[in-house]
Amino acid sequence: MLGVSAFAALAPLSVRAQEAAAPPAEAEPAEDVYPDDEAYEVEELVVSASRQQRGAVLGDIPPELQLTPRDIRAYGVSNVSELIDALAPQTSSGRGGGRPVILVNGQRISSFVEVRDIPTEAIVRVDILPEEVSLKYGYRADQRVINMVLRPRFRAITLEADGKTPTQGEGASGELEANLFRVLRDSRLLLDAEISRSNRVLESDRDLADPSSNGAFRTLVPEAEGLELTAVYARPIREGLSGSLNGSLEATRSDSLLGLPTDDGGLALADPEALKRRSETVALHAGGGMNGAFKGWSWSLAGNADRNNSLTVTDREVAGTAFTDKSRAISTTADVSLVANGVLTDLPAGPLSTTLKVGASTAHFDSRALRAGVTTTGELSRDIGNFQTNLDFPIARRSQGVLAGLGDLSGNLNVSADQLSDFGTLTSLGYGLNWSPIEPLRMLVSVTEEENAPSVQQLGAPTVVTPGVRVFDFLRGETVEVTRIEGGAPGLDADHRSVMKVGLNLKPFDKTELTFSADYVRTRITDVISSFPTATSQIEAAFPDRFVRDADGRLIQVDSRPVNFDRRDTDQLRWGFTYRKPLGPTRPPGGRGAQDGQPGRRPEADRRQEPGPGGPPQGAARSPGGGFGPSGRGFGGRRFGGGPPGAGNLQIGLYHTLKLQDEITIRPGVPKLDLLDGAALGNAGGEPRHQLDLQTNLSKNGYGLALNARWRSGSEVIGGTFGDLKFEDLTTVNVRLFADLGMQPWARRDYPWLRGTRVSLSIDNLFDSRQEVRTADGGTPVNFQPDYLDPLGRQVRLSVRKLFF
């Protein structure tokens, strides 16, 4: 891992040296232009990209949404990781790709480690783009893209402390974090340290019906501790070439109680101690990258190395004999990739461009398990060579040519091949169209055919045996305690998936920031790699070797390692809107920088007399050491974090997800599992047919409110004659209130040291909503009691954050 000291040694570069290394194309704003002015240019939800915008992405697909600093502040979040979580309604993909692709200033980064701890105050613009843009940067077309444009100059030390506790008591947790982040054009340095701790929750701490009466010896939530250290350093190397290095260390520990041991008759032993499980994980990461340009082509080189070491120690007792099972897994991975993008030739409707990617990766997985005194070992490795190409070709342009009546129309074709040492060659083929018949409307259609291998962990994770796990036996209609087996399944096959997406984005009004979007996604997967589903009678009939029953027919063991299903068919429509409205004064456009996303200048008197949050008028000198500018005046003597008096923002987003189909064919000749009608893959029930996500953010005069609500329709699991379960619909509401104290007149006047201080009060699950599960006779199985499904319920969090400029 790259040590913090190594990064710190690179940090003390002079401003003059950094200026000399920075590319000349990006001019530094004048000393009297406030960096926060960029938040108060025309407050408009821009839905079209311009090549003149600083840090814009490649290609002709514009952002679906653009966020200004004023929009970002309305979320009340502290760093990029929290911002991405807050943007989930706008960035989730029906194609199932997970976290969106992250770009910085329109360029690739080596890993998420580079950006996750960046303070949100350092961001001047966020572009949210569809999955098709990820192809232009060498990624798969199943993740949306978030492009973050950083301020040309930023410097702050951030300290944050927060504590969270359930309103039921027990289960409190807390975090402390310190962060240093500096930006000077393309140079940036980040150092971050965070520690966390959470207390355990016992079954006896909650209102549970415990038939075994040993709730004081079982944890619902384990006791846990964590430490995380991160360092990132990036800078220009020469004109047109920049590089970055990053490293992290993450260490976690958790302790659980698994209940009391029993003798052969199932009776509690005299004066027993609870069975325990201890888990420890240490993860090391090092990465880096380079971005440059050569003869009209842009290129990016990135590499990463990771090593994860995990240990799990579990107590068991069988027939009066005590065992301590141990399983250790060491995962070592490394990868390197080179991506190049450029124009091949000019066509009548525009340039024909391509993206080429070559890469290689290696993964090694060692496992060692001690179970009941018997040791087993496993070793798996995988080497991959990858090639991917994407071709973007314009077909028609609205402003010219014989096809001008079609509007803007372009297509793309992408092909990739992965050579795996253990699975052979897996290929992917995709193609799509990008059509804008009129300025406010854009449609995207894409089709992908791809093959995917199971991960090394899915194949070779060590076997972990957990005693005393409560499950609902659908065959007998009762809750029982079983031994659950988890780990890897060596016989898994690669899957093949066909995905078609039709997307629409509409901004009907020029002067109203209202954007509608809709995505229809159809997915067909064969040889589906899946976690083991809920143990209904259908599943037990299809996988009889995964279940063990005693002589009386009582379920005593379940093997829940992953499996291959024959096929899964899903169809989903997700649609909704986002509305934004500035509150309070805004500035008209114009002045220097209007073409590249920079604001216009303010009159001299306005610039010099308006006080910053908690500070004197900007013309007054501050104490030395406060920033880059003369007399140590913060960010070069420029305003940060405030904006015009009375400025604020209102944001509303509402999205509806409709599942039209979700069926699994376990194997030929076996009835299908309809996850929308009676089947389930987990303890949360079947798939909800409807889901609504509401997001509301309001900020004004330094105060803010963020509200997120989600409603999921109910489902039913048909398990057998005695085992049907009904899952009621569920609504959860999360609220966050925050106040930037340094922006308040009383603080600026009497307590200038409060500048940069924010206090937040969050309530997760405001109405303490829990999933309600009922059997056919109206009862609730023991393991589906609300406190089992959600032991923490409503939680209150208080956070205090201070930026030192």
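The values are calculated or read from the model by the stated rules, or taken from the named source; none is laboratory data. In this text, all values refer to a predicted model and were calculated from it rather than measured experimentally. Don't worry about glycine lacking a Cβ; one is built from the backbone with ideal geometry, like all the others, and counts go over all protein chains shown. Note: areas computed on protein heavy atoms with side chains; ligands, DNA, RNA excluded. Shrake-Rupley method; radii C 1.70, N 1.55, O 1.52, S 1.80 Å.
Some observations on this one:
- The string of couplings for the range 534-551 from the Karplus curve (6.51, -1.76, 1.60, θ = phi - 60°) is 4, 7, 7, 5, 5, 5, 5, 5, 7, 10, x, 6, 8, 10, 10, 10, 7, 4 Hz, one whole number per residue in order, with x for Gly and Pro.
- Once all protein chains are placed together, residue 425 keeps about 80 Å² accessible to a 1.4 angstrom probe.
- Maximal additional length on extending the residue 663-residue 209 stretch stands at 160.0 nm, based on 0.36 nm per residue less the C-alpha distance.
- Efficiency of FRET between residue 683 and residue 422 - r from beta-carbon atoms, R0 30 angstrom, step 0.05: 0.40
- For the range 432-476, the residues whose backbone nitrogen is under 15 Å from a point 7 Å from the Cα of residue 399, taken along Cα to Cβ, are 439.
- The accessible area of residue 333, taken with all protein chains in place and a 1.4 Å probe, comes to roughly 50 Å².
- In this calculation the C-beta distance from residue 311 to residue 216 is compared with R0 = 41 Å, giving a FRET efficiency of 0.95.
- Residue-wise HN-Hα coupling along the range 329-343, computed from phi with Karplus coefficients 6.51, -1.76, 1.60 (Hz; x: Gly, Pro): 10, 10, 10, 10, 10, 8, 8, 8, 8, 10, 10, 10, 9, x, 9
- For the range 60-134, a simple Cβ point-charge model (Lys and Arg +1, Asp and Glu -1, everything else neutral) yields a dipole of about 100 debye relative to the Cα centre.
- Overall, the accessible surface of the range 640-791 at a probe of 1.4 angstrom is composed of carbon and sulfur to the extent of 58 percent.
- Ordering 112, 181 by accessible surface, largest first, gives 112, 181; the 1.4 Å probe counts only protein heavy atoms, with every chain in place.
- Among the listed pairs 507/581; 164/700; 136/501, those with a Cα-Cα distance over 24 Å are 164/700.
- Listed residues 509, 547 arranged by accessible area, highest first, probe 1.4 Å: 509, 547
- Between the range 146-201 and the range 433-468, the Cα center-to-center distance that results, in Å: 30
- With 0.36 nm allotted per residue and the present C-alpha distance subtracted, the residue 377-residue 703 stretch has 111.7 nm of extension available.
- The gain in end-to-end length when the residue 322 to residue 429 segment is fully stretched comes to 33.1 nm, 0.36 nm per residue minus the alpha carbon separation.
- The simple spin-label model puts a point 7 Å past each Cα toward its Cβ; for residue 548 and residue 387 those points are separated by 5.0 nm.
- Computed from label points 7 Å out along Cα-Cβ, the spacing between residue 406 and residue 726 is 5.4 nm.
- Here each label is just a point 7 Å from Cα along the line to Cβ, and for residue 575 and residue 504 those points are 0.6 nm apart.
- Per-pair calculated FRET efficiency, R0 = 60 Å: residue 751 and residue 774 via Cβ, rounded to 0.05: 0.65
- Sorting 102, 718 on solvent-accessible area from highest to lowest, probe radius 1.4 Å, gives 718, 102.
- Measuring with a 1.4 angstrom probe and ignoring ligands and nucleic acids, residue 140 comes out at about 100 Å² accessible.
- Under the Debye formula (equal points on every Cα, no solvent term), log10 I(q)/I(0) of the range 114-229 at q = 0.12, 0.13 Å⁻¹: -0.71, -0.77
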